[in-house]
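First up is the structure itself, then whatever we jot down about it.
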Amino acid sequence: MDSRAFAETIEKQVAEFCKNLDANLPAYSFIPLTTDEMRVKVMQSRLFNEIRAGEIFGGWLKSTPELDVKKTLAEATHEEYQHAGYLEEALRSKDATPHDYKPLPAQMAMFNSFEGLTDTVERIAAFPMAGEGVADYLIAKSLKAGTVPRWVTDPYKRIHEDEEEHGNYPFEILVKYATTAEKQERASRAVAMSLALRRAYFDNLDRWVFEGKSY
Ligand SMILES: [Fe+2]
Ligand SMILES: [Fe+2]
């Protein structure tokens, strides 16, 4: 398949996953939450994600031969720690201890599996495109909802601006490098893995936040 057509199929797969979330928005989106206690928990969980995202992107640098992708990853690494800073600040404004948080099982699995991916195309498809694609879809929704308090939306407005600024770089990387059937096949499987683990993470987070389940 032509690499642009391939990138479009991945984009469609991610968009479908996002649409399916609409009927029952996860706690992760902040929209169904009713107390600041719940919002603090979700933000702590998402602060962990910013930290891990930076570690993943930075960890991929040495094994990324393509200079343009290396530069993008290096920038993304720095950006994730800026995001972490915004969330730390918001949590402190609520007298919460930012890193007083234990990662949920599926959340650990999700990041550990990103770390295990070895090829540029599968990495970019699985994490920046599928993973961050879903995250940013839900951020945009929470900013538009009008019911999420300012202390939550303020830092996410800044995060959303950053995500919008780099446009659709994962798509362009796929167009440029997903040029063989083998690369495309690996990338689609990595995307399916990413979305399955994200679904499991959202479920873990829902049960912790709504039902108080401890892991
Ligand atoms: Fe990011
Ligand atoms: Fe981020």
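The table that follows gives values for the structure above.
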read-out	value
Karplus (6.51, -1.76, 1.60) ³J(HN,Hα), θ = phi - 60°, over segment 34-42, in Hz, Gly and Pro reported as x	10, 10, 5, 4, 5, 5, 4, 4, 5
For Val148, Val134, order by how many other beta-carbon atoms lie within 10 Å, fewest first	Val148, Val134
Total formal charge among the other residues, if their Cβ is under 10 angstrom from that of Asp68, Lys/Arg +1 and Asp/Glu -1	+1
Residue among Thr179, Asn20, Phe6 farthest towards the positive dipole end of the chain, charges placed on Cβ	Asn20
Proxy reagent accessibility, fewest Cβ within 10 Å first, across Arg158, Arg198	Arg158, Arg198
Degrees, to the nearest 10: 150-165 long Cα axis against longest axis of the chain	10 degrees
Mean separation of Cα contacts under 8 Å, 6 or more apart, over the residue count of the chain: relative contact order %	35 percent
Gap separating the Cα centres of segment 136-215 and segment 4-42, nearest whole Å	7 Å
Fewest-first sequence of Phe114, Phe6 by Cβ atoms within 10 Å of each Cβ	Phe6, Phe114
Whole-angstrom gap from segment 114-131 to segment 62-108, using each part's C-alpha centre	16 Å
Table column - 3J(HN,Hα) (Hz), segment 129-136, Karplus curve with 6.51, -1.76, 1.60, x for Gly and Pro	7, 7, x, 6, x, 5, 4, 6
Subset of Lys102/Lys144; Lys41/Lys213; Lys70/Lys176 violating a 19 Å alpha-carbon distance limit	Lys102/Lys144
Crossing angle, helix 105-116 versus the chain [Cα axis fit, 0-90 degrees, rounded to tens]	30 degrees
Isotropically averaged projected area of segment 1-137, using the convex hull of Cα atoms (one quarter of hull area), nm²	9.2 nm²
Dipole moment magnitude, nearest 20 debye, the chain about Cα centre, only Lys, Arg, Asp, Glu C-beta charged	480 debye
Degrees, to the nearest 10: 3-21 long Cα axis against longest axis of the chain	20 degrees
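Read the figures in this text as sums done on the coordinates, not as results from a lab. Predicted model, so just to flag it, every value in this text is computed and none were measured. All Cβ positions, glycine included, derive from the backbone under ideal geometry; neighbour counts span all protein chains shown.
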